[in-house]
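Working notes for the structure below.
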Amino acid sequence: MRIDCEICGGQSLLSLNEKRNGVDIVACQNCGLVWNRAMHDEQEQVIFYREENRAQNEICQQKLVSRLSRAACALDFLNENLQPGLRHLDVGCAEGTLLTLTRAKGLKVTGLELDQNWSCFAREVRQLEVLPMTLEDAPLKPASFNLISFVHVVEHLFRPVRTLSIARDLLDDAGYLYVEVPNLDGPLPAPRRFFRRLHNFYFSANTLCAVVSRAGFTPVRLGCSQRDMSVQLLAVKSSNNSSAANDGQDGLSQTWCDDAAQVYQHVNEDRRRYYLMFHLLRQWRQRRRLGQWAFQRYGSLLNGEPGE
Ligand SMILES: [Zn+2]
């Protein structure tokens, strides 16, 4: 049972009424962070991603199109910060689509990926340097990267503040952190699809800013992915101890809190959407459209892999 809040350490929790085997979703009454109180412990989790998750991660064309549209949205958000020669680390890089795109823009790229199917694909098909390990275990030099990205990864972490702090040490002083996570503020699909065993944390823009600032970063730009409304966040390293200086006395900026009661209301109101087929249909059509858009825009960078 994970009962202490990752952001504020609070232990006063509100159940969001989403409880089933391995899932028990709560919000911190102090800062509004949402997490799965019944999350796997850290060791179980690493074993899961390294070994047991593989069956779900068969590589197919549909998945690659979906990954390209996600990477394309991230690249569009990051575009103005990308320059040839910068060193990019993608943590949890999966099949390496984002790295393939940033490499085509002239960046020097490295990935970390636990899943063997994905990391073999990234190495063999995309010729990327990908290490099959966690950020905690990776033998990387301090201040050796200019951009570190976590695309749909931070919600899976066991201790996101600790992992992001490690990323902070690996970034040079002018470097950027890019984080993208599912958006708790958006219209939520079915609770069973949104609140999943594999996701330990559920962020809004506020609580994501609070987590990265806890890890020693200052958020500089927020966005909302047109693909699925994911929260996109660009942050820079806070100068020494300034994360404490920016914050209130409990170490948390007031504006980066959510109200747990409002979160409860949002989550439980949105249950009805599950039954609205048009919502799902619209989402499906949007994904198809984005897949085509992403291939037109960036497909040529994938080096002759088949398009849609
Ligand atoms: Zn809290």
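Here are some notes:
- Candidates 176, 202 - the one that is within 30 Å of residue 268 (Cα to Cα), at pLDDT 95 or above, of a type in the set (Ser, Thr, Tyr) and buried (at least 19 other Cβ atoms within 10 Å of the Cβ): 202
- For segment 152-166, residues that are closer than 16 Å to residue 44 by Cα and either of a type in the set (Val, Ile, Thr) or assigned to a loop (DSSP other than H, G, I, E, B) (or both) total 3.
- Segment 1-60: number of residues that are β-branched (Val, Ile, Thr), away from the ligand (no atom under 14 Å from the Cβ) and at pLDDT 85 or above: 2
- Within segment 119-151, tally of residues that are over 17 Å from the mean Cα position of the chain (by Cα) and assigned to a strand (DSSP E or B): 4
- Any chance residue 156 is modelled with pLDDT of 85 or more and more than 17 Å from the chain's Cα centre (by Cα): no
The values are calculated or read from the model by the stated rules, or taken from the named source; none is laboratory data. Since this is a predicted model, take the numbers as computed values, not measurements. Every residue, glycine among them, receives a Cβ derived from its backbone with ideal geometry; neighbour counts consider all protein chains shown.
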